[in-house]
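Only one structure is covered here, and it is reproduced in the block below.
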Amino acid sequence: MHVILQVVDAFLCVLVVIAAAEYLRRVRPMDEPLLSISFYLVAIAAFGSFIFNIKGHPISPFAMTMHLAVILYAIAKRGHICNIPPSSTERT
């Protein structure tokens, strides 16, 4: 069971890093500096947690809940970071 939790938490960490990086790619930090700083910190913390998961450190259920909450926030409040723009080769 511990290995399954590590895999799930590692996957959640990767999703958090991707969501934070995608948000930071789309928004200018000068427009929303506090939100940008918080997303930088979230991305750094999630990457560090991912490294600890890979090394085999124990998983906290509260950390997994926090990672899931960040992903749900990114989808619910910042849904534009999850939208993939249509490619120029697609027909409309």
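The values are calculated or read from the model by the stated rules, or taken from the named source; none is laboratory data. What you are looking at is a predicted structure, and each value in this text was computed from that prediction instead of being measured. Every residue, glycine as well, gets a Cβ built from its backbone with ideal geometry; the counts of neighbours run over all protein chains shown. These accessible areas exclude ligands, DNA and RNA; they are computed on the full protein's heavy atoms, side chains included. Shrake-Rupley method; radii C 1.70, N 1.55, O 1.52, S 1.80 Å.
Checking each residue of segment 21-32 against the condition of being in a helix (DSSP H, G or I), open to solvent by less than 40 Å² (accessible area, probe 1.4 Å) and small (Gly, Ala, Ser) gives no match.
For segment 59-81, which positions are open to solvent by 60 Å² or more (accessible area, probe 1.4 Å) and either closer than 24 Å to Met1 by Cα or in a helix (DSSP H, G or I) (or both)? Those that are open to solvent by 60 Å² or more (accessible area, probe 1.4 Å) and either closer than 24 Å to Met1 by Cα or in a helix (DSSP H, G or I) (or both): Pro61, Phe62, Thr65, Met66, Leu68, Leu72, Tyr73, Ile75, Ala76, His80.
Beta carbons closer than 8 Å, at least 6 apart along the sequence or on distinct chains, pair a first residue in segment 3-15 that is assigned to a helix (DSSP H, G or I) with a second that is among the polar types (S, T, N, Q) for Gln6/Asn53; Asp9/Ser49; Asp9/Asn53; Ala10/Asn53; Cys13/Ser49; Cys13/Asn53. When residues in segment 33-58 are screened for being open to solvent by 80 Å² or more (accessible area, probe 1.4 Å) and either in contact with a helix residue (DSSP H, G or I) (Cβ under 8 Å, 6 or more places away or on another chain) or on the phi > 0 side of the Ramachandran plot (or both), 4 of them pass.
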